[in-house]
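Quick notes on the structure that follows.
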Amino acid sequence: MYLSKKKRIRRTLLVHAALFILTFIILLPVLWMILTSLKPTAETLKFPSTILPDNPTIQNYLAAWRNMRLGTYFINSLYVSLMTTFVAIVLGCMGGYALARFRMKGEKAYVMFILVTRMFPAVVFLIPFFIMMRNLQLTDSFTGLIISYTVFSLPFSIWLLRGFFRNIPSELEEAARIDGCTRFKAFTRIILPLSAPGIAATAVFCFILAWNEFMFANTLIMSDSKRMLTVALVASISDFLVKWNELMAGGMITTIPVIIFYLFMQKYITGGLTEGSVKG
């Protein structure tokens, strides 16, 4: 149905206004966290509270980094997240390529099973995972945590990379094999370079999943020196005192690396999701 120019402009304005309001509602908690992290302690305890800080300060960030020992926990979280991402990408590339290139009986059912495993809440697997890790003597270790995170990120990695691999013409791989490449060389020299946007997008999601996870990190890790950042923030809350300004500053310190990483990889995320979801 043809719409007049005025109606199209009016509809566009309404859509943008609705999107602006929705974005503001979503970002409101983040904005409140930023403003609180800039307030001195006296202002956070003032009633009624003010929205904007009267005397903004960055001392809360320095105090949070020092008092909460965020440097050690930052390295722990970075190591576990990067190792989880690496393992999930390596296994996801192999699994996604196999499902994309080889026809097998029950392939669709298997792909559906992979997706179904992500429908269950993680808390359902917490006790079984703890028992398995305890029997394997992997509790209170980064290895056990990396294995746990990989289990949850791998299904999505396989599914997304499978869709991306299927969009790459098989003729390119066949031409490489005619020129003397083995299947493995064709995979590493032809398929993987062409799949860089999809791999990057998958890596971002795996990294964010491992970086933000709290429940398994709180259950499987007992030593203070091996804590993750998310657990360290909760541990800073005492029974009788909560320094909200330092806690919010610590939350911002935890969030900033993910935001920077996401913004840096944004174009790969958009391209990877678009290409990987066309065929399935």
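Observations
- Residues (touching a Lys or Arg at 6+ places or on another chain (Cβ under 8 Å) and assigned to a helix (DSSP H, G or I)) located in the range 178-196: 183, 186
Each row is one residue, and each column tells you yes or no for (1) surrounded by 21 or more Cβ atoms within 10 Å (Cβ to Cβ); (2) in contact (Cβ under 8 Å) with a residue 24 or more places away in the chain; (3) closer than 30 Å to residue 223 by Cα.
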| position | (1), (2), (3) |
| --- | --- |
| 68 | yes, yes, yes |
| 73 | yes, yes, yes |
| 77 | yes, yes, yes |
| 86 | no, no, yes |
| 90 | no, no, yes |
| 95 | no, yes, no |
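- Residues that are aromatic (Phe, Trp, Tyr) and open to solvent by less than 40 Å² (accessible area, probe 1.4 Å), drawn from the range 142-169: 149, 152, 164, 165
- Boolean, residue 61 is open to solvent by 70 Å² or more (accessible area, probe 1.4 Å) and among the aromatic types (Phe, Trp, Tyr): no
- The range 176-187, subset of a type outside the set (Phe, Trp, Tyr) and open to solvent by less than 50 Å² (accessible area, probe 1.4 Å), residue farthest from residue 100 (Cα to Cα): 181
- The lone exception for residue 14 - which of (1) open to solvent by 90 Å² or more (accessible area, probe 1.4 Å); (2) in the same structural domain as residue 233 (by TED's automatic domain parsing) it fails: (2)
- Identification of helices (runs of 4 or more DSSP H) wholly contained in the range 46-125 with 2 or more residues that are touching a helix residue (DSSP H, G or I) at 6+ places or on another chain (Cβ under 9 Å) and under 24 Å from residue 215 (Cβ atoms) yields 70-101, 107-116.
- The C-beta contact set for the range 163-186 (first residue in the same structural domain as residue 103 (by TED's automatic domain parsing) and within 21 Å of residue 201 (Cβ to Cβ), second residue among the polar types (S, T, N, Q) and open to solvent by less than 30 Å² (accessible area, probe 1.4 Å), distance under 7 angstrom, 6+ apart or interchain) comprises 164/195; 165/195; 168/195.
Conditions tested, residue by residue: (1) open to solvent by 20 Å² or more (accessible area, probe 1.4 Å); (2) among the β-branched types (Val, Ile, Thr).
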| position | (1), (2) |
| --- | --- |
| 174 | yes, no |
| 193 | yes, no |
| 204 | no, yes |
| 222 | yes, no |
| 237 | yes, yes |
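- Residue pairs meeting the criteria (Cβ under 8 Å; at least 6 apart or on separate chains; first of a type in the set (Phe, Trp, Tyr), in the range 104-129; second not in a helix (DSSP H, G or I)): 110/104
- Qualifying residue in the range 130-141 (condition: open to solvent by 70 Å² or more (accessible area, probe 1.4 Å), within 30 Å of residue 188 (Cβ to Cβ) and in a helix (DSSP H, G or I)): no
- Residue 217 being at pLDDT below 90 and either in a loop (DSSP other than H, G, I, E, B) or closer than 15 Å to residue 150 by Cα (or both): no
- Selection from the range 130-152 of residues that are touching a Lys or Arg at 6+ places or on another chain (Cβ under 9 Å) and of a type in the set (Phe, Trp, Tyr): 142, 152
- Within the range 35-53, tally of residues that are over 17 Å from residue 242 (Cα atoms), at pLDDT 80 or above and open to solvent by less than 70 Å² (accessible area, probe 1.4 Å): 1
The values are calculated or read from the model by the stated rules, or taken from the named source; none is laboratory data. Quick caveat, the model's predicted, so the values are computed rather than measured. With ideal geometry, Cβ positions are generated from the backbone for all residues, glycine too; neighbour counts draw on all protein chains shown. Just so you know, the surface numbers come from the protein's heavy atoms only, side chains and all, with ligands and any DNA or RNA stripped out. Shrake-Rupley method; radii C 1.70, N 1.55, O 1.52, S 1.80 Å.
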